[in-house]
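Enquirer: Sharing a structure below in structure tokens format, with a few things to ask.
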Amino acid sequence: MSDIQVTLTNTAGISSVVSFWVFVGSNALSKKKEHLVKAAQFVMLIGFAALTAAIVTRGFESDRFPLSNLYESLLWFAWAVMGGYLALSRTYDLKQLGWLASLTAAVFFLYGSWLPAGQQEIKPLVPALVSYWRQIHVPPLIVSYAMFFIAGLSAFVQLWQAGRLRSVLLAAIALTAGLSAIGLGTFTDVNTFYLQALFVGGSIAGLVAAWLGLGKISEAKVNEKRAELYDEVVYRAIMIGFPLLTIGIITGGLWANHAWGSYWSWDPKESMALTTWLGYAAYIHLRIHHECSSEKLSLVAVGGMLLTVLTYLGFNSLGFGGLHSYGKFKD
Amino acid sequence: MRLSAFASVKLTIALMTLIAVSILVGAWCPQESQVGFQKVVETFGAENAGYLRQWGITDLFHTPFFLGLIGMLTVNMIACSVQRVFPKARLLKQKMPYLGEKEISKFPVSREMVLKTEADVAFKELAEALKKQQYSVQIQGNKLTAEWGKIALLAATITHIGLLSLLAGVTITSWTGFNGFKPVPIGGKLNFGESEHSKLWIGKLPPWEVRVDDTRRENYASGDPKQWYSNLSVVDKDGKVLHKQEISVNNPLSYGGVDVYQSSWGLDAIEIAFNGRPTQLPLRQMGGTHAAFMQLDENTTMIFSLRGQDKPVRVFAKIPEWQQPKMLAEIPAGYASKFGEVQIAYLKAIPVTGLQYKSDPGLPLTYVAFGIIMLGVMLAAIPFRQVWAVAVAADPIDGAPTCHMLLGGTSKKAKTDFERKLEKLSQKISVKFGTVELATSSAAAEAAASQEKKTEVETTAATNG
Ligand code: HEM
């Protein structure tokens, strides 16, 4: 990696951390809130621009499309989370989502920087990945994952604004269990069965408990207008992510058909993406059906977020195999 | 059972969830049809693997349970589509009715203003601004309607037609297509006799075969594979060549409705000459290397180990007394070594190419379906928006004309975005013409409202929910 690429990537990483703290500060200093939110968004914009430049530089330095291993895909993910937040905040007045989005970007930078150096190096590709299809197939998927992440984060804010503090806490536990399993699977040698149990058990228990806890409302905290706004942001983000996921899955099928002669082979990663897709299809139909409260829909969106994490990172870190294990880095 | 019993969205959601969970389980457990039962045993141990097999989890995607779920979802989708989704496409032709002040003020998003200009001037400005935002605008007298993103009404219809076409395409393939994999050494032939097909198969196998004329591997400097190539000839029963082509990964041969793909590559055998007499020894993959074994007598084994096609072969001998085989020599291709009486020459390594093949007659339909589905889900992201407006002349102020304008509408999705845009629009118009305090205007609004002909109009928005 050249110095310039490292500098740009670090700038982006630091910006995400700085904007996180400025967002947090905006909550503490309510007098200067508007200014601080603007400042935090500006810092994030700088980070976004730096990351864009870093990715482009990486592409030129490696002389290929810079999205072929886990490290690069994490950069793209952080890029899309930042970009997605910035784009949505042009339409919506999003304050609380800001610190969550910058925190997400920062965590993904950190995750990427902790990967073994071999993953960060620019390495040649195995035969299966030498194809222009790669750049058609992967970016929509990563961007859709990022949009689903934003949807999940907005769902947390929605629940909070609707006064469902207990459910927020329980859903946060579910998410933490899932992310811990991923982290442990990436950086330690804990038995994958335990990690799978932690992920699945934690998600299900946390979400079911959060669902049951919806009845408990902290009236003093309710801000209906904001809750409604975030409900809409969840829906918006999903309706942008869903077509991208659809396109990603289908172009993956086209590529597989082109390369291996079969557009669908129930490869674990494919299957997981299909599960995620069905999960969001269920969300869309629940929504159209008009029988589900916004809060329940928010929990479905958090569930979707967990499925997204499982699809995106769970495969390598929780020990699923298959054709897509090129992102793997622990033997 | 009547079809309509299946037309429930609740059932859809339940089925989607169940299918999603099943697929998750299928992703978690290695599938026999992909990696073989042995892999399941390795992962879970023999006993657990036995249970998993009993419950159908090791081949989940072919179980009657899973296929049944898919079948039910299909029926559900057909029923729902026919009963409620497709009929909605008719809304596309429906014209927006012109609404009066009363109806417009009932919309959740509406703005009222009294402008210091004439009604039709203000109206023209509004129409222009809406057109700039890509609305299609209709005006009748002092009433205006505008809509944007109407095509989104087709999203569900298009997506569901796409999904049904996909199921049709997949069904055609499973009834008439075939596929398989075969490792073929140079000079060998691929025929389709061992291909796999579904139980309900009514297809036909081609009469011709594919001959492997050559195959090679291209490496990165590090020695990792970069690309695999095979030169193939399509030959008929009499050996006549019908077609020739070089294939590589991502670049298959297509002939007569069958596609042949480069899917793997390896070394099949080495050719060795003992005192000038050539023989072939089959190679076995042993981790990163290939090895051939030759039993010399009861106790002695010769091992030929090969790291790559252009690497020298290493000759080992093993007898029970030795802990490890001993290396005797390293012979590059085309060279020989003498071991006592025997001269061993390493002639060449014979590669084998892994060919995947398939015939997929439903593919064109499947591809069309892919296109339709992508179009449909993209349309679903578009918010359908409708705007109504009325402008009536109000009492002149200091001799200057004024008008009373009411503006309102709905958006099926992204409501906040819509509200903001409408707010901006009305502000722009207010600023352009200047406004009068609204207090005076409610009287004007009353008056205007009572002038309205009280026709009962059902709005498109109302039917859309
Ligand atoms: C299999 C059974 C299914 C049934 C019974 C069903 C039923 C429905 C119904 C009743 C609607 C509402 C139409 C409207 O109000 O305009 C709808 C919309 C929709 N469905 Fe399905 N659906 C099914 C499967 C799927 C699947 C698997 C997808 C996957 C993409 C899907 C994608 C959509 C989309 C994109 C919409 C439009 C959403 C919108 O306009 O915002 N459907 N579906």
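The values are calculated or read from the model by the stated rules, or taken from the named source; none is laboratory data. Worth saying up front: this structure is predicted, and the values here are computed from it rather than measured. All Cβ positions, even for glycine, are placed from backbone atoms using ideal geometry, and neighbour counts span all protein chains on display. Side chains included, ligands, DNA and RNA excluded: accessible areas come from the protein's heavy atoms. Shrake-Rupley method; radii C 1.70, N 1.55, O 1.52, S 1.80 Å.
Enquirer: Give the cross-link partners of residue A:38 among the lysines, using a straight C-alpha distance below 20 Å as the criterion and excluding same-chain residues fewer than 8 apart.
Expert: Qualifying lysines at Cα under 20 Å: A:95.
Enquirer: Heavy-atom accessible surface, probe 1.4 Å, ligands and DNA/RNA ignored: which residues of region B:251-274 lose at least 30 Å² versus the isolated chain?
Expert: Residues passing the criterion (a loss of at least 30 Å², heavy atoms only) are B:261.
Enquirer: Work out how far the C-alpha atoms of chain B reach from end to end along every principal axis, then list the three figures in whole Å, largest first.
Expert: For chain B, the Cα extents along the three principal axes come out at 126, 56, 51 Å.
Enquirer: Right, another one. With every protein chain present, what is the per residue accessible area of region A:214-255 (1.4 Å probe, Å²)?
Expert: 39
Enquirer: For the protein assembly as shown, what is the calculated [θ] at 222 nm in deg cm²/dmol (nearest 500), taking -39500 (n - 2.57) for each run of four or more DSSP H residues and dividing by its residue count?
Expert: Value at 222 nm, helices only, nearest 500: -17000 deg cm²/dmol.
Enquirer: Here's something else I'd like to know. Take the cross-link list A:225/B:415; B:106/B:415; B:102/B:132; B:124/B:432; A:31/A:225 and give me the ones stretching past 18 Å between alpha-carbons.
Expert: In this structure, B:102/B:132; A:31/A:225 exceed 18 Å between Cα atoms.
Enquirer: So if we plug the beta-carbon distance of residue B:5 and residue B:196 into 1/(1 + (r/R0)^6) with R0 = 35 Å, what FRET efficiency do we get, rounded to 0.05?
Expert: Efficiency for this residue pair is about 0.40.
Enquirer: Scanning chain A for GluC sites (Glu not before Pro) in DSSP loops with at most 14 other Cβ atoms within 10 Å, what's the longest stretch left with none?
Expert: A:122-290
Enquirer: What nm distance separates the two modelled labels at residue A:60 and residue B:151, each placed 7 Å from Cα along Cα→Cβ?
Expert: 3.6
Enquirer: For residue B:427 and residue B:90, FRET efficiency with R0 = 35 Å and r from the beta-carbon atoms, rounded to 0.05?
Expert: E(calc), rounded to 0.05, equals 0.45.
Enquirer: Going 7 Å from the Cα of residue A:90 along its beta-carbon direction, which residues of region B:127-143 have the amide nitrogen within less than 19 Å of the resulting point?
Expert: B:132-135
Enquirer: While we're looking at this one, here's another question. In whole percent, what relative contact order does region B:181-320 give with Cα contacts below 8 Å and a gap of six or more residues?
Expert: 11
Enquirer: Beyond 40 Å, how much of the Cα-Cα pair distribution for the protein assembly as shown remains, as a whole percent?
Expert: 49
Enquirer: Roll a 1.4 Å probe over the protein chains and send me the accessible area per residue for region B:265-349 in Å².
Expert: 61
Enquirer: Considering only DSSP states other than H, G, I, E and B, which GluC sites (Glu not before Pro) in region B:184-218 qualify as loop sites with at most 13 other Cβ atoms within 10 Å?
Expert: Hits after loop and neighbour filter: B:194.
Enquirer: Can you work out the FRET efficiency for the pair residue B:224 and residue B:102, with r the C-beta to C-beta distance and R0 = 60 Å, to the nearest 0.05?
Expert: Plugging the Cβ-Cβ distance into 1/(1 + (r/R0)^6) gives 0.20.
Enquirer: Let me ask something else about it. Defining a contact as two alpha carbons under 8 Å apart and six or more residues distant in sequence, what relative contact order in percent does chain B show?
Expert: 21
Enquirer: Sticking with this one: Taking a probe of 1.4 Å, how large is the accessible area per residue of region B:86-197, in Å²?
Expert: For region B:86-197, the per-residue accessible area is 52 Å².
Enquirer: Also: Ignoring ligands, DNA and RNA and using a 1.4 Å probe, state the total buried accessible area between B and A in Å², rounded to the nearest 100.
Expert: 4400
Enquirer: Relative contact order, percent, of region B:10-99 when contacts are C-alpha pairs under 8 Å separated by at least 6 residues?
Expert: Relative contact order here is 32 percent.
Enquirer: To continue, here is another question. Restrict the search to region B:239-345; then list the chymotrypsin sites (Phe, Trp or Tyr not before Pro) that DSSP places in a loop and that have at most 15 other Cβ atoms within 10 Å of their Cβ.
Expert: B:322, B:335
Enquirer: Take each uninterrupted DSSP H stretch in chain A, measure its Cα extent along the helix axis, and return the ones at 24 Å or beyond whose mean Kyte-Doolittle hydropathy is at least -0.5.
Expert: Flagged H segments are A:3-28, A:33-62, A:70-91, A:96-114, A:133-161, A:165-187, A:192-212, A:224-260, A:268-289.
Enquirer: To continue, here is another question. Distance in nm between label sites at residue A:194 and residue B:242, each 7 Å beyond Cα in the beta-carbon direction?
Expert: For the pair residue A:194/residue B:242, the computed spacing is 5.9 nm.
Enquirer: Could you grab the Rg to Rh ratio for chain A? Cα atoms only, Kirkwood for Rh.
Expert: My calculation puts Rg/Rh at 0.96.
Enquirer: Name the most mobile residue of A:177, A:256, A:28, meaning the one with the largest mean-square fluctuation, in a Gaussian network model of chain A with Cα contacts below 10 Å.
Expert: A:28
Enquirer: Could you tell me which trypsin sites (Lys or Arg not before Pro) in region B:1-87 are loop residues by DSSP with no more than 11 other beta carbons within 10 angstrom of their beta carbon?
Expert: Answer in residue order: B:2.
Enquirer: Which residues make up the longest stretch of chain A clear of trypsin sites (Lys or Arg not before Pro) that lie in a DSSP loop with no more than 14 other Cβ atoms within 10 Å, not counting the sites?
Expert: After excluding every exposed loop site, the longest remaining stretch is A:1-215.
Enquirer: Pulled fully out, how much extra length does the chain show between residue B:138 and residue B:298, if you take 0.36 nm times their separation in residues and subtract their Cα-Cα distance?
Expert: Residue separation times 0.36 nm, minus the Cα-Cα distance, leaves 47.9 nm.
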